[in-house]
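Chemist: The structure that follows is given in the form of structure tokens.
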Amino acid sequence: MRFFEWRNAPFPDEHTDEALDRVAHKLDEGVDIQNLGSYCYEVAGLVFLESFKGADAKRRPLTVHDLRHRSTPAADDDLHERRLSCLEGCLRALPPASRELILDYHHAAGGALRRRKMLAERLGLRRDALANRAQRVRKRLEMCVASCLGGKRPI
């Protein structure tokens, strides 16, 4: 998660989940990964770059300058606080069932795969259906936070 936080990625937990899910999928396929740490880092890098393929990428291509040059640490702290404030407000605006689902889906303690399997069972859903619901709620949150921040996609 720090990999994404250090790069000011929106919703670092979402990107972390995506990267780890891809690595787990490769392991399930029986792919022999020699250095798991390096492989996870490379997958995280790809997920981070893919996060720029949204609507903003169509307006302006990603450059190396975008990845290397960020705002000052003080501005980063201010933006981080604004993001948190917006996220909290957007979470409060969600219907209770959606808020509970997204918070349970991204709860920090325990193994993500096991926890999500238990959540899916509790809700009577398949794991892929649970992931789809969580994705829809995340998209609503992303749009709400972007709107709160003035219509700019927080990267």
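The values are calculated or read from the model by the stated rules, or taken from the named source; none is laboratory data. Treat the numbers as computed from the prediction; the structure is a model and nothing was measured. Neighbour counts run over all protein chains shown; Cβ positions are idealised from the backbone, glycine included.
Chemist: Test of understanding: among A93, A75, A134, which residue is at pLDDT below 85 and of a type outside the set (F, W, Y)?
Modeler: Of the residues listed, the single one that is at pLDDT below 85 and of a type outside the set (F, W, Y) is A75.
Chemist: Kindly indicate the residue of the stretch 104-125 that is in a loop (DSSP other than H, G, I, E, B) and at pLDDT below 90 and also nearest to F11 (Cα to Cα) among those meeting that condition. Walk me through how you get there before you give the answer.
Modeler: Initially, the stretch 104-125 is screened for residues in a loop (DSSP other than H, G, I, E, B), giving 106-111, 124-125.
Now narrow it down to the ones that are at pLDDT below 90: 106-111.
Details: H106: 11, H107: 13, A108: 13, A109: 17, G110: 19, G111: 19 Å.
Going through the qualifying residues, I end up with H106.
Chemist: Mind checking which residues of the stretch 80-103 are of a type outside the set (D, E, K, R), in a helix (DSSP H, G or I) and surrounded by 16 or more Cβ atoms within 10 Å (Cβ to Cβ)?
Modeler: Start the filter on the stretch 80-103 by keeping residues that are of a type outside the set (D, E, K, R), which leaves 80, 84-87, 89-91, 93-98, 101-103.
Next, only the ones that are in a helix (DSSP H, G or I) stay: 80, 84-87, 89-91, 93, 96-98, 101-103.
Those that are of a type outside the set (D, E, K, R), in a helix (DSSP H, G or I) and surrounded by 16 or more Cβ atoms within 10 Å (Cβ to Cβ): C86, L87, C90, L91, S98, L101, I102.
Chemist: Of the residues in the stretch 1-55, how many are farther than 20 Å from R127 by Cβ, of a type in the set (G, A, S) and part of a helix (DSSP H, G or I)?
Modeler: Result for the stretch 1-55: 6.
Chemist: If you take the residues in the stretch 1-17 that are of a type in the set (D, E) and at pLDDT below 85, which one is farthest from A134 (Cα to Cα)?
Modeler: Let us first name the residues in the stretch 1-17 that are of a type in the set (D, E), namely 5, 13-14, 17.
Narrowing further to those that are at pLDDT below 85: 5, 13-14.
Details: E5: 21, D13: 12, E14: 10 Å.
That would be E5.
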